[in-house]
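A.B. asks: Quick one: the structure is below, questions incoming.
The values are calculated or read from the model by the stated rules, or taken from the named source; none is laboratory data. Since we're looking at a predicted model, the values are computed, not measured. When we count neighbours, we look across all protein chains shown, and the Cβ atoms used for this are built from the backbone with ideal geometry, even at glycine.
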């Protein structure tokens, strides 16, 4: 007799009140599920930010499927190539030769030699004990006019050391060559999406005559190289911090971490610190808090008691956002995340004490395959995964912080929430678009 696989599946292990949750891992790691929400960028999208670079993935055919589709979806096939690892390569012990000869063959057949080649190795190279250093040295000897960057498509690296996301963001700036520093030049680094021109940070830098470099706005390789003239590198995404430190150590200059935060004190503290670092006056904060409080009241008056769900794809600080909204009287009921980053420990403990019944859900736990709502939900979702799991048409369709920072991030988030409340979206079609905001992936 056939039995429905999801019949009687409990929520145990895939739903927990924050009062009972452990830091930093509220859920047990195991078999994982991938939701259809695909707006977050992956290693293909991020690597393409380097102008004129060419990506080469050296992997088994089954692993290549996803990245090939990503390149096709973003219309970047001409900047993307693959070398397929087959069973005999592993058995015959010619993995190194395959990579060296395969990459070299691709380069020689390209219509134009790229200044940078990103070579993505896989877990197979690590399982086989391949000499990665030797392979890159040989490639550099054969092609001295090209910068080779070691990149990785390796799932076994996800649980220890630098994560694939941290590694990829650090690799974005490895081709930069040292050049004379300019005191009035700064680089915003580590973001997949450009910083909003209306953000507190961008406005502050412009008002003080700073030349702002961002990889997201570079059209040519030479323009990209100009980033090396920056005296200060500013990162705002947690997974970009290690790469920022590495960049400052290699090229000189100072790395400053300006985190996305929904806390007034943190915003003003970081703006003041940055002003001191740049040798300029701190911006005025008069009226900023009052403006945000007014915006919160207006949004709350419109949205009322409508339940709210937040997920980590919207921003790297979902608990900080939940704290801000709950303190303002919003009916936040759910937060979707798989782990809690160190920067959110204070917010986690605050919510644990003040709002103990707030529910936490994972996004990759195997049970989440069966926990998406079947009927449309009357809930406001902030983030694509929250929208999917709650089957709501009222959602904020933004990923990775959307280029917001400072007080502007608070105000813009509230505007997005009002818009989501008033206007329905086609969640099924929107969340299937890979790499939201990435060139052709619109």
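A.B. asks: I'm trying to understand the selection: among the residues of the stretch 79-118, which are touching a residue at least 24 places away in the same chain (Cβ under 8 Å), in a helix (DSSP H, G or I) and out of contact with any strand residue (DSSP E or B) (no Cβ under 6 Å at 6 or more places or on another chain)?
C.D. replies: Listed by number, the residues that qualify are 90, 95, 96, 98, 100, 104, 107.
A.B. asks: Looking only at residues that are touching a strand residue (DSSP E or B) at 6+ places or on another chain (Cβ under 6 Å) and not in a loop (DSSP other than H, G, I, E, B) in the stretch 168-183, which one is farthest from residue 210 (Cα to Cα)?
C.D. replies: My answer is 171.
A.B. asks: For residue 393, state whether it is touching a residue at least 12 places away in the same chain (Cβ under 8 Å), touching a helix residue (DSSP H, G or I) at 6+ places or on another chain (Cβ under 8 Å) and more than 18 Å from residue 26 (Cα to Cα).
C.D. replies: Taking the combined requirement at face value, the residue satisfies it.
A.B. asks: With the requirement that a residue be in a loop (DSSP other than H, G, I, E, B) and surrounded by 13 or more Cβ atoms within 10 Å (Cβ to Cβ), what does the stretch 132-158 give you?
C.D. replies: Once the filter is applied, which keeps residues that are in a loop (DSSP other than H, G, I, E, B) and surrounded by 13 or more Cβ atoms within 10 Å (Cβ to Cβ), the stretch 132-158 yields 143, 146, 154.
A.B. asks: For residue 219, indicate whether it is under 24 Å from the mean Cα position of the chain (by Cα), touching a residue at least 24 places away in the same chain (Cβ under 8 Å), outside any strand (DSSP E or B) and surrounded by fewer than 21 Cβ atoms within 10 Å (Cβ to Cβ).
C.D. replies: Yes; evaluated as a whole, the condition is true for this residue.
A.B. asks: Right, something else. Residues in the stretch 66-78 that are out of contact with any helix residue (DSSP H, G or I) (no Cβ under 7 Å at 6 or more places or on another chain) and either assigned to a strand (DSSP E or B) or more than 26 Å from residue 311 (Cβ to Cβ) (or both): how many?
C.D. replies: The total comes to 5.
A.B. asks: Now for a separate question. If you go through the stretch 231-253 one residue at a time, how many are part of a helix (DSSP H, G or I) and farther than 12 Å from residue 166 by Cα?
C.D. replies: Summing the residues that are part of a helix (DSSP H, G or I) and farther than 12 Å from residue 166 by Cα in the stretch 231-253 gives 5.
A.B. asks: Right, residue 259: in contact with a helix residue (DSSP H, G or I) (Cβ under 7 Å, 6 or more places away or on another chain), under 30 Å from residue 387 (Cβ atoms) and surrounded by fewer than 20 Cβ atoms within 10 Å (Cβ to Cβ) or not?
C.D. replies: Considered against the rule, which asks whether it is in contact with a helix residue (DSSP H, G or I) (Cβ under 7 Å, 6 or more places away or on another chain), under 30 Å from residue 387 (Cβ atoms) and surrounded by fewer than 20 Cβ atoms within 10 Å (Cβ to Cβ), residue 259 comes out as yes.
A.B. asks: Scan the stretch 343-352 and give yes if some residue there is outside any helix (DSSP H, G or I), in contact (Cβ under 8 Å) with a residue 40 or more places away in the chain and buried (at least 18 other Cβ atoms within 10 Å of the Cβ), otherwise no.
C.D. replies: no
Here's the yes/no breakdown for (1) under 26 Å from residue 70 (Cβ atoms); (2) surrounded by 16 or more Cβ atoms within 10 Å (Cβ to Cβ):
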residue: 378; (1), (2): no, no
residue: 382; (1), (2): yes, yes
residue: 396; (1), (2): yes, yes
residue: 405; (1), (2): no, yes
residue: 414; (1), (2): no, yes
residue: 423; (1), (2): no, no
residue: 427; (1), (2): yes, yes
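A.B. asks: Here's a follow-up. Step by step: first the residues of the stretch 271-292, then only those that are touching a strand residue (DSSP E or B) at 6+ places or on another chain (Cβ under 8 Å) and buried (at least 16 other Cβ atoms within 10 Å of the Cβ), then the one that is nearest to residue 341 (Cα to Cα). Which residue is that?
C.D. replies: Looking at residues that are touching a strand residue (DSSP E or B) at 6+ places or on another chain (Cβ under 8 Å) and buried (at least 16 other Cβ atoms within 10 Å of the Cβ), I get 274.
A.B. asks: Additional query: Of (1) farther than 30 Å from residue 401 by Cβ; (2) surrounded by fewer than 16 Cβ atoms within 10 Å (Cβ to Cβ), residue 98 satisfies all except one. Which?
C.D. replies: Condition not satisfied by residue 98: (2).
A.B. asks: Just to be sure I understand, how many residues within the stretch 29-65 are free of Cβ contacts under 8 Å to residues at least 40 places away in the same chain and either out of contact with any strand residue (DSSP E or B) (no Cβ under 7 Å at 6 or more places or on another chain) or part of a strand (DSSP E or B) (or both)?
C.D. replies: The number of residues fulfilling the criteria is 2.
A.B. asks: Does the stretch 239-257 contain at least one residue that is touching a strand residue (DSSP E or B) at 6+ places or on another chain (Cβ under 9 Å) and closer than 15 Å to residue 49 by Cα?
C.D. replies: Yes, the stretch 239-257 has at least one match.
A.B. asks: Here is a follow-up. What are the pairs with Cβ atoms under 6 angstrom where one residue, in the stretch 292-308, is under 13 Å from residue 381 (Cα atoms) and in the same structural domain as residue 332 (by TED's automatic domain parsing) and the other, located anywhere, is modelled with pLDDT of 95 or more and not in a loop (DSSP other than H, G, I, E, B)? Sequence gap at least six, or different chains.
C.D. replies: Listed by first residue and then by second, the contacts come to 303/421; 306/380; 307/333; 308/332; 308/380.
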